[in-house]
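The values are calculated or read from the model by the stated rules, or taken from the named source; none is laboratory data. Since this is a predicted model, take the numbers as computed values, not measurements. So basically every Cβ, Gly included, is an ideal-geometry build from the backbone, and we count neighbours across all protein chains shown. In case anyone asks, the SASA skips ligands and DNA or RNA and just uses the protein heavy atoms, side chains included. Shrake-Rupley method; radii C 1.70, N 1.55, O 1.52, S 1.80 Å.
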Amino acid sequence: MGEIGLLDRIAKAVASIAEGRRGLETEGSTEAGRVSYRDGLAEAMAVFQEATASSDARTSILVDHAYVTQERQFCDPQDADAIGSLTAAVTGFDDALRVLPTVADTLAYHFVETSYPHDSNYRVSGMPKDAFHVACIGHKMRLLNTLRTPGLSMMEKAVYQQRRMNMSAVQDVYLELQQTAMR
């Protein structure tokens, strides 16, 4: 399925999860809420698996970008911590998407490579730890912190674990793009 289809499906999945959560908290809507919640999580899992199977850095980042953007929209306006974290994720993904055209330009990326120190704090497997890596590393930590939240269903934890694996996989794809640019 194409990028647009995946983005549409992820938006619908997050909406279903949010609707399900509301239903779980509303007397008389518990069963419908549970079904919506589970269906949304199942669809999100399927989309994240398809995104990582594509081995396309842009697609994988866009799918998680869409997910966190939707999560932020459904977030309680008083939940400043969650909104701040989701906003940081969106900003990181925006930066990651901006660097993709640069890594595709061999000459431009040679200039980028020389602008980063060779100290290991600024490198990932010998390549510049640029905005793409920073976004993935930050998001993996955010997801790990969420996985430590007590009370999450195992199904929801599985989605967060899949998203963490996607970030590692997309970083590997990006490393290949960096190495190709440096040849």
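What the table shows:
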| quantity | calculated |
| --- | --- |
| By accessible area with a 1.4 Å probe, ligands and nucleic acids excluded, highest first: order of R148, R22 | R148, R22 |
| Shape parameters for region 82-183, alpha-carbon atoms, Rg then Dmax in Å | 15.2, 50 |
| Percent breakdown of C-alpha pair distances by 5 Å bin, ordered from the shortest bin, for region 1-117 | 2, 12, 16, 17, 17, 13, 9, 6, 4, 2, 1, 1, 0 |
| 37 °C / 0.692 mPa s Stokes-Einstein diffusion coefficient of region 33-75, Kirkwood radius on C-alpha pairs, µm²/s | 295 |
| Ellipsoid equivalent to region 49-119 - semi-axes via the Cα gyration tensor, in Å | 29, 17, 9 |
| Amide proton proximity set for V124, modelled H, under 5 Å, gap of 5+ | K129 |
| Rounded accessible area per residue of region 66-183, 1.4 Å, Å² | 53 |
| For region 1-55: rounded, prolate or oblate by the Cα gyration tensor [a/c cutoff 1.5] | prolate |
| Heavy-atom accessible area ranking, 1.4 Å probe, most first, across L41, L177, L152 | L177, L152, L41 |
| Per-pair calculated FRET efficiency, R0 = 30 Å: S153 and T87 via Cβ, rounded to 0.05 | 0.75 |
| For region 137-183 versus region 54-110, the gap between their alpha-carbon centres in whole angstrom | 12 |
| Linear extension gain, R183 paired with L100, 0.36 nm per residue minus alpha-carbon span | 28.2 nm |
| In sequence order, calculated HN-Hα J values of region 146-157 (Karplus, 6.51, -1.76, 1.60; Hz; x Gly/Pro) | 5, 4, 7, 6, x, x, 5, 5, 5, 5, 5, 4 |
